[in-house]
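See structure below.
The values are calculated or read from the model by the stated rules, or taken from the named source; none is laboratory data. Bear in mind the structure is a predicted one, so any value in this text is a computation, not a measurement. Reconstructed Cβ throughout: ideal geometry from the backbone, glycine too, with neighbour counts over all protein chains shown. All accessible areas refer to the heavy atoms of the entire protein, side chains included, with ligands and DNA or RNA removed. Shrake-Rupley method; radii C 1.70, N 1.55, O 1.52, S 1.80 Å.
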Amino acid sequence: MQGLLLRLSTLDADAESAVRVIAYFDSLVRDHVTVPTLLTATARLTQCPVGLYDAATGRRTRATPDGRTDFRAAAPDAEAPVRRLACGLGAVWMEREGPPHGLDEIVLERYAAAAEVTLERAAALVRAGQDPALVELVLSAETGDAERARALRLLGFDPAAPLHALAVALPAPEGEHSRKAEAGPAAGLRAMGHHVRTATIGDIQAVLVTPTVPQVTTPTGAQSAGPDVLGLRLETLTAAGGSARVGVGPELPGARAAESWAGARTALRFTGPHDRVIRWSELGALALFADLPAQAIAELDDVRAMSRLSDESLQAIRALCQAGSIRGAAAALHLHHSSLAARVARAESVLGFSPAEPSGRLRAHLALALLRLLANTGAGHHRPGASPV
């Protein structure tokens, strides 16, 4: 730092900018950013591509100012300024076209110093099996088989053993209480004995978890898998409080974790206040609607009609779809059957069909699911404040 401060005296008008560069990288280090985030932040600062070579993994990563990251980057050109990192950790470089900027040398030096700290922290997390970047690597569809297998082993998973990927909707930040809620399902599963690793990807918490399904001895003496313990435990955890919603990907070998993650994200889009846990395996043909444009779904007559119902009517229709009869729905809502029938009748006048009939229940069930899908893609046309059921 003393050497840098002495050098500032030669920059004159750029001295203030140099101090800002130092503060910029110091703030990244204080925030404990990951390696990809450090690269992206540096590329945006310099407005040119930058790269990092991690000697521990042999991987070169390159980021561009528009936020794109290449985890299989080639070696930099011979003309690119390169700064080697201490302790043999690797190297960093910049790829500026044209003449160098006046602050490039200081940027490269501070970038290298920040990379050293970031790589050392990442190595410590790997040793503890808690590196979020490894989870992202496992879940990426672009990761090679060998890289994914290595990342799984570092995280404590057998690439051939079954696991689930979970997509957990994180609540809006509201202080420390919200941060505890974010970790709720994952922390709960860990406490129950599941092997769990997590990372935050955008506004979704990604979770890798072993199913740990117990073996049940059948009357013939054979061993068979027990019930969906993971799903049942997730339902218990989400029902205990908080606002977490969970999409459960299919159970697949760790080597196919990216497929499970894709299914988990799709399942999450069908969750709602009353259906906090949705399994990919439960969606069936519903999953096809996740690929349709939101506007096309919003313009369906049944969806438009369902969005006009009151909360009371939506609750009645949902209970009817689940119970299959007026009396069963009334019992579930602790209402007299005549009261429930009156609510359903009011809903019929808006929907234009009878949910009390089998075909009507199918239409109503589909419309409710599509309302949840729209609500979770930011394209919902339901009333502000209304529950997407």
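Points to keep in mind about this one:
One line per residue, one yes/no per condition, for (1) touching a strand residue (DSSP E or B) at 6+ places or on another chain (Cβ under 9 Å); (2) among the basic types (Lys, Arg); (3) assigned to a loop (DSSP other than H, G, I, E, B); (4) open to solvent by 60 Å² or more (accessible area, probe 1.4 Å):
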site: 48; (1), (2), (3), (4): yes, no, yes, no
site: 51; (1), (2), (3), (4): yes, no, no, no
site: 72; (1), (2), (3), (4): yes, yes, yes, yes
site: 87; (1), (2), (3), (4): no, no, no, yes
site: 91; (1), (2), (3), (4): yes, no, no, no
site: 133; (1), (2), (3), (4): yes, no, no, no
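- Scanning segment 102-112 for residues that are open to solvent by 30 Å² or more (accessible area, probe 1.4 Å) and modelled with pLDDT of 85 or more returns 105, 109, 110.
- Check on residue 62, among the basic types (Lys, Arg), farther than 29 Å from residue 146 by Cα and surrounded by 12 or more Cβ atoms within 10 Å (Cβ to Cβ): no
- Given (1) over 25 Å from residue 151 (Cα atoms); (2) open to solvent by 50 Å² or more (accessible area, probe 1.4 Å); (3) in a helix (DSSP H, G or I), number of the condition residue 27 does not satisfy: (2)
- Selection count, segment 138-147, where residues are open to solvent by less than 30 Å² (accessible area, probe 1.4 Å) and either in a loop (DSSP other than H, G, I, E, B) or modelled with pLDDT under 90 (or both): 2
- Members of segment 14-32 that are out of contact with any Gly (no Cβ under 7 Å at 6 or more places or on another chain) and of a type in the set (D, E, K, R): 16, 20, 26, 30, 31
- Qualifying residue in segment 195-203 (condition: among the small types (Gly, Ala, Ser) and modelled with pLDDT under 85): yes
Results for (1) open to solvent by 50 Å² or more (accessible area, probe 1.4 Å); (2) touching a residue at least 40 places away in the same chain (Cβ under 8 Å), shown as yes or no for each residue.
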| position | (1), (2) |
| --- | --- |
| 259 | yes, no |
| 293 | yes, no |
| 310 | yes, no |
| 315 | yes, yes |
| 318 | no, yes |
| 322 | yes, no |
| 327 | yes, no |
| 340 | no, no |
| 348 | yes, no |
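- If you go through segment 204-236 and keep only what is open to solvent by 70 Å² or more (accessible area, probe 1.4 Å) and at pLDDT below 50, you end up with 215, 217, 219, 220, 223, 225.
- Of all the residues in segment 158-182, those that are modelled with pLDDT of 90 or more and either in contact with a Lys or Arg (Cβ under 9 Å, 6 or more places away or on another chain) or not in a loop (DSSP other than H, G, I, E, B) (or both) number 8.
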